[in-house]
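Notes for the one structure printed next.
The values are calculated or read from the model by the stated rules, or taken from the named source; none is laboratory data. Everything numeric in this text was worked out from a predicted model, so none of it was measured. Neighbour counts run over all protein chains shown; Cβ positions are idealised from the backbone, glycine included. Please note that ligands, DNA and RNA were not included when accessible areas were found on the heavy atoms of the full protein model with its side chains. Shrake-Rupley method; radii C 1.70, N 1.55, O 1.52, S 1.80 Å.
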Amino acid sequence: APVTGGVCAAFQAFSLFVQGKEVPPAARSPGARWRCCRQVFAELSDIHRHVSLHHGGEIGRRAAMEAASAGAAPAGAPSAAGRGSPAAGAVSGIEIRCELPDTSSLCQDQLTSPNILFLFVHLYHAVDSKVGEVLLYYCYCEVKDPEKLCAWQKALCQHLHLTGKVRVASEGINGTVGGSKVAVNLYIEIMLSQPLFKDILCQEDFKSSAGGAHCFPDLRVGVFKEIVPMGIDPKIVSYKETGIHLSPREFHREVEQYLSQASQGQSDTILLDCRNFYESKIGHFQGCLAPDIRKFSYFPNYVDENLELFKDKRVLMYCTGGIRCERGSAYLRSKEVCREVYQLKGGIHKYLEEFPDGFYRGKLFVFDDRYAISSNEDIISECRYCGALWDQYKLCSSQHCRQLVLTCPSCCNKGLTACCRVCQEKELKVTSRASGQTLKEECECTRRRPRVPIECVSQRTLDAGK
């Protein structure tokens, strides 16, 4: 089909805007080819998404002026500009399209993944366990009607027999869902065709691992204030002020350089794990600083209490899939103490796809019934009771507690199945009480741990080989 002058003007305005954000070659640092809105971008797709999302109005006005001067009608709605136009989704209001994929040609077995009992039986007979998948993804964008998006997501997941958790907010969407491979692929396809996510969400933003619907107890879809619970109003600390995104390969090179310099006591960099302590306990990057915090909502306080630690430092941040770094790096940058803040694009998930035997050691913690997925054979954590190498989490057996515990088979056989000895004793008392009575979580695991630890810079030593 012929391209109208208005559409040409839109593309030209978009292209010129992006070109105008290029950093001169002599001034470029790693991962900084474009600079816009106090952010830097390394890949063309990233700067395209940013411009489309945040500067559509300005580009639309430029395109209209160009088209008017050339005597052509300006490109307006997405239908006029054509599907896939970089600026189309940002020029006009984006409506949520609430359609469901056609599954009439599929049989029920293709849309449902086997339950956990089926898996255990077949795993025992050495049958391939990759019968389904678990997806992890997020997309920051402006959502005008979160309730409508939430209702569509719930209907979509139910239609495809997916389980998991999806958080919707005015700032975007964050989801982890599991189901059959066919269902998961249909989910990705319909998500990529949703006009709301057009030119923002792409195929590589979906992180997948072996699993299925059995990895979650049910489906939970809801509207929240934040798509990742940091406890800071998105209007105060926005994802738009995030750090510099580094690809897994760029991040790998940075970590390699950091470890080399750190081993000689010359590093000006901090490799920061912004996950919770129980996540980093079973797997982390070599030489990282892993805060002993229990919730991501404690991360802002951790930064506030340790500002001296980050002063004039280059910070390399990482998390599971990248979403916590988006807000975490924005908060760290808002303090204006770091020299530069970088983050691993796609998180540990994407890094392990490219570097399964790289600088990340141990297991990757995931928030579903698997608790962890593996990329190497390393075990870096210990049994809570005997100290033997062990990294398979279980829920504390005490009914009043929801802590995770590392207890090896030998200790389990001895009845040591709670997160600590206090909980172990309480379990015996709770079972003798009336059913239905609940107690507030209160055990030595939480009582002895400072809510927000303060790092002692002078005493902090780094063993780069550990």
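A few points about this structure:
- Local electrostatic count, Ser247, Cβ distance below 9 Å [Lys/Arg +1, Asp/Glu -1]: 0
- Model label sites at Ala372 and Asn413, defined 7 Å from Cα along the beta-carbon direction, differ in position by 2.1 nm.
- With 0.36 nm allotted per residue and the present C-alpha distance subtracted, the Leu44-Ala32 stretch has 3.2 nm of extension available.
- Cβ-derived FRET efficiency at R0 25 Å, Gln110 paired with Asp145, nearest 0.05: 0.20
- Between Lys225 and Leu395, residue separation times 0.36 nm minus the direct Cα-Cα distance comes to 58.4 nm.
- In this label model, Ala210 and Arg294 are separated by 3.4 nm, measuring between points 7 Å along each Cα→Cβ vector.
- Filter on Lys281/Lys363; Lys144/Lys235; Lys313/Lys335; Lys181/Lys207; Lys240/Lys313; Lys165/Lys345 - keep pairs with C-alpha separation over 18 Å: Lys240/Lys313; Lys165/Lys345
- Counting only protein heavy atoms and a 1.4 Å probe, the stretch 244-379 has 35 square angstrom of accessible area per residue.
- Counting only Cβ charges, +1 for Lys and Arg and -1 for Asp and Glu, the dipole size of the stretch 205-249 around its Cα centre is about 100 debye.
- Environment charge at Cys98 (Cβ cut-off 13 Å; Lys +1, Arg +1, Asp -1, Glu -1): -1
- Rolling a 1.4 Å probe over the protein heavy atoms gives the stretch 132-223 an accessible area of 34 Å² per residue.
- Where labels lie 7 Å past Cα in the beta-carbon direction, separation of Asp312 and Gln203 in nm: 4.7
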